[in-house]
Amino acid sequence: YEAQVVPGLLQTDDYARAIVAAEPGYATDQQRDEAVAARATRRQVILGSSAERRLTVILGEAALHQAVGGPGVMAGQISHLVQVADDFPRLTLQVLPFAAGAHAAAGSASLAILRFPDAPSLGVVYLEALSGGVYLESQEDVARYIRAFALLRAAALSAADSTRLLSTYGSKGVGV
């Protein structure tokens with residue numbers, strides 16, 4: 001779940017450059033370039049993999065209005081989201097609309113849940129922060145976030161409706 005920005009795995013290079021340029025932790029151009037390259041490599045490994053990984057992303061509608069990099073970058077990013085939603089059948093992309101109101105993650109920031117098919121009882125929750133983030137590993141914490149994520153999915157638009165909304169944003173330039 002990402003409330004404010006497009007998750008790194010779904011970012012275009014231009015969008016990633018704009019995000020990295022705004023982050024205070026990168027002091028040099030080389031560090032910024034390396035961060036963008038690392039995101040691109042991670043994206044290629046995860047999305048280009050033949051493994052049976054599934055990826056479910058819930059994107060807050062605010063991320064579509066946050067003018068990262070300017071109108072051209074946002075138009076390219078939104079177009080890219082529509083394309084990856086079509087190209088990767090193991091990816092489920094849902095938009096959590098503003099109309100959803102208060103929701104299961106309203107009081108928290110973005111989160112990632114990692115689950116492992118070979119060990120279904122294991123899981124890890126990653127909460128991103130400027131200092132690098134926090135990993136939660138207790139079964140109780142993981143279960144709490146899995147429940148919250150299920151509620152987010154239920155409150156979000158379906159994958160098909162999300163793609164239609166993204167196409168509308170892209171064609172009208174809404175939010176960019």
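Check the range 97-104 and report whether any residue there is within 15 Å of the chain's Cα centre (by Cα) and within 17 Å of Arg164 (Cβ to Cβ).
Taking the range 97-104 as the starting set, the residues that turn out to be within 15 Å of the chain's Cα centre (by Cα) are 97.
In the following step, the residues that additionally are within 17 Å of Arg164 (Cβ to Cβ) were identified as 97.
So far as the range 97-104 goes, yes, one or more of its residues are within 15 Å of the chain's Cα centre (by Cα) and within 17 Å of Arg164 (Cβ to Cβ).
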- Item | Checklist (1) part of a helix (DSSP H, G or I); (2) out of contact with any helix residue (DSSP H, G or I) (no Cβ under 7 Å at 6 or more places or on another chain) applied to Arg115, failing item | (1)
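Every residue in the range 59-72 that is within 15 Å of the chain's Cα centre (by Cα) and either surrounded by fewer than 21 Cβ atoms within 10 Å (Cβ to Cβ) or of a type outside the set (A, V, I, L, M, F, W, C) (or both), please. Let's see the steps before the verdict.
Here is the first cut: in the range 59-72, the residues within 15 Å of the chain's Cα centre (by Cα) are 59-66, 68.
Gly60, Glu61, Ala62, His65, Gln66, listed by residue number.
Does Leu114 meet the test of being in contact (Cβ under 8 Å) with a residue 40 or more places away in the chain and among the aliphatic types (A, V, I, L, M)? Talk me through it step by step, then tell me what you get.
Details: in contact (Cβ under 8 Å) with a residue 40 or more places away in the chain: no; among the aliphatic types (A, V, I, L, M): yes.
No, not satisfied.
Results for (1) loosely packed, with under 15 Cβ neighbours inside 10 Å; (2) without any contact (Cβ under 8 Å) to a residue 60 or more places away in the chain; (3) on the phi < 0 side of the Ramachandran plot, shown as yes or no for each residue.
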site: Met74; (1), (2), (3): no, no, yes
site: Phe88; (1), (2), (3): no, yes, yes
site: Leu96; (1), (2), (3): no, no, yes
site: Ala99; (1), (2), (3): yes, yes, yes
site: Gly132; (1), (2), (3): yes, yes, no
site: Ala150; (1), (2), (3): yes, yes, yes
site: Ser158; (1), (2), (3): yes, no, yes
site: Leu165; (1), (2), (3): no, no, yes
site: Thr168; (1), (2), (3): yes, yes, yes
- Any idea how many residues of the range 8-51 are surrounded by fewer than 19 Cβ atoms within 10 Å (Cβ to Cβ), at pLDDT 90 or above and not in a helix (DSSP H, G or I)? 1
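The values are calculated or read from the model by the stated rules, or taken from the named source; none is laboratory data. Bear in mind the structure is a predicted one, so any value in this text is a computation, not a measurement. Cβ: placed from backbone, ideal geometry, glycine included. Neighbour counts: every protein chain shown.
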